[in-house]
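Encoded as structure tokens, here's the structure I'll be asking about.
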Amino acid sequence: MNQFLLIAADLVAVTLLVVMFFVRHRRRDLVVAFLTVNVGVLAVASILGTTAVGIGVGLGLFGVLSIIRLRSTEIAQHEVAYYFAALAMGLVAGLASVEATSAAWINLALIALVLLVMAIGDHPGLLRRYRQQRVTLDGAHPDETQLRAELERILGGRVHRVSVLDLDLVNDTTTVDVRFEVAR
């Protein structure tokens, strides 16, 4: 198996990844970012794989790309996972050895595994009743038991975790980060 087959497999995999992401989350701006990151890393990793530079340069590139993108705007954790998947697939395909046929099959399997994990881990049916939300309540709630009861009433579900972000006794508001389970 040659490098072109791995590149083709990576392009098919990243296309499936971005289609899955867009269908589930409808963020067009990140589709182009995932495609560009994957193809860019694939190209650079392919060059690094054929030159005498060390693996440290490749890992340094991976870190720099992560820092640049993740510092640009605030993105959700599932979006970070899609970025990491696009980066990982590009690295796996780009750093594959041209001579090693058995290693190429392993690389194909790893690309498929990353795609499968994302498909399962981000499936809308998985843990679909669990939510996380930031809520600002009209009223100061210093007592956590009363706060939980009020949140359960408002959200219509069982509160598993609540963190008070802001308790404003002057303006009579409470802002919380709440993890809850929607009732059946």
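Considering (1) in contact (Cβ under 8 Å) with a residue 12 or more places away in the chain; (2) part of a helix (DSSP H, G or I); (3) closer than 24 Å to Val39 by Cα, say which one Ile154 fails and leave the rest.
Unmet for Ile154, out of (1) in contact (Cβ under 8 Å) with a residue 12 or more places away in the chain; (2) part of a helix (DSSP H, G or I); (3) closer than 24 Å to Val39 by Cα: (3).
Determine which single condition Pro142 fails, assuming it passes every other condition in (1) not in a loop (DSSP other than H, G, I, E, B); (2) not assigned by TED's automatic domain parsing to the domain that holds Leu17.
(1)
Filter the range 127-155 for residues that are exposed (fewer than 14 other Cβ atoms within 10 Å of the Cβ) and within 25 Å of His78 (Cα to Cα) and give the result.
Filtering the range 127-155 down to residues exposed (fewer than 14 other Cβ atoms within 10 Å of the Cβ) leaves 127-130, 132-134, 136, 138-139, 142-146, 149, 153-154.
Correct list: Leu127, Arg128, Arg129, Tyr130, Gln132, Gln133, Arg134, Thr136.
In the range 167-184, which residues are assigned to a strand (DSSP E or B) and under 10 Å from Gly139 (Cα atoms)?
Across the range 167-184, the qualifying residues are Leu167, Asp168, Thr173, Thr174, Thr175.
From (1) out of contact with any Asp or Glu (no Cβ under 7 Å at 6 or more places or on another chain); (2) not hydrophobic (A, V, I, L, M, F, W, C); (3) not in a strand (DSSP E or B), pick out the condition that doesn't hold for Thr136.
Failing condition for Thr136: (3).
On to the next question. Touching a Leu at 6+ places or on another chain (Cβ under 8 Å) and modelled with pLDDT of 85 or more: which single residue out of Val37, Val41 fits that description? Reasoning before the result, please.
On the way: Val41 fails: modelled with pLDDT of 85 or more.
One residue alone meets the criteria, Val37.
The values are calculated or read from the model by the stated rules, or taken from the named source; none is laboratory data. Keep in mind that this is a model prediction, so the values were computed, not measured. Glycine also receives a Cβ, built like all others from the backbone with ideal geometry; neighbour counts cover every protein chain displayed.
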